[in-house]
Amino acid sequence: MDDIDIAYLTEDKVQADILIEGLPGIGQVGKLVVEHMIQELGAEKVVDIISIYLPPQVLIDPGGVVRLPANEIFLWKGDEIAIAFLIGDFQSTSNEGHYLLADAYLDIAEELGVKRVYTLGGFGVGHLVEEPRVLGAVTDEKLIEEVTGAGGAMTGDEPGGIVGAAGLLLGLAAERGMDGICLMGETPGYLVDPKSAGRVLAVLTRLLGIEIDPTRLSEHAAEMEKILARYEEMERGKEEESLNYIG
């Protein structure tokens, strides 16, 4: 096995204008968005990627069959645009692996003819957010107006950087002459957040000029809000019991 093993699953020539990354991260925001887009558009898997830089384990599929962790690239061709989606089980377990895998993803993107990279993720704020904003970061000032025009807000006042694939793909894409945009939905950071993912999806589809039905994400978000409401009610009940006991 090579350090990074890339397997193309089709012999047909595949091309894409855009790469959209949605690997696991804060609130699983990016992964939720890309999974939803793949399902709604009916994208086809064209690349499998396995690597020693992914966690040392196997995953158990339904029925008990094991497999190595893998990241994947799916392809969808529309009338005006072709999109490659990067999704998978894990990000790298090491700093070196993050760089090497990001380079490998961009090698594939260049082979496909990609000219722009979108990376998606969550922006952890540590508390519940009623109306999550979508924060953007770009590789060139010329892209700012596109992000704000689509409903995003530029980062700048918020401290820190963008960790992992969502950040590295931007920086390394810029080195290769590709445009790059990161969209991050505000999220508590300690739970899976389909509500934030829905906001990111809305901004992203405006940028892409395509329509995708958000119903499944909206339903998932509504279910999550019910779960949170029940949890908060239970916590309030515990507090009241504690106060009664003390009294």
Q: Calculate, in nm to one decimal, what GLU130 and GLU233 gain on full extension: separation in residues at 0.36 nm each, minus their alpha carbon distance.
A: 35.3 nm
Q. P(r) of segment 4-214 in 5 Å steps, Cα pairs, percent per bin?
A. 1, 7, 16, 20, 22, 17, 10, 5, 1, 0, 0
**Q.** Taking only Cα atoms of segment 183-228, radius of gyration then Dmax in Å
**A.** 11.2, 34
**Q.** Pairs from LYS31/LYS226; LYS77/LYS226; LYS45/LYS195; LYS13/LYS142 whose Cα-Cα separation, in the structure shown, is over 30 Å
**A.** LYS77/LYS226; LYS13/LYS142
Q | log₁₀ of I(q)/I(0) at q = 0.09 Å⁻¹ - segment 23-145, Debye sum with one point per alpha carbon | A | -0.31
Q) What residue among ILE38, ILE83, ILE212 has the largest mean-square fluctuation in a Gaussian network model of the chain, using Cα springs under 10 Å? A) ILE212
Q: Quick one: plug the Kirkwood hydrodynamic radius of segment 82-189 (C-alpha pairs) into Stokes-Einstein at 20 °C, 1.002 mPa s, and report D in µm²/s.
A: 146
Q: At 7 Å along the Cα-to-beta-carbon direction for both ASP5 and TYR190, put a label point, then send me their distance in nm to one decimal.
A: 4.0
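Read-outs: derived from the displayed coordinates by stated rules, not from any lab. What you are looking at is a predicted structure, and each value in this text was computed from that prediction instead of being measured. Please note: Cβ atoms are built from the backbone with ideal geometry, for glycine as well, and neighbour counts cover all protein chains shown.
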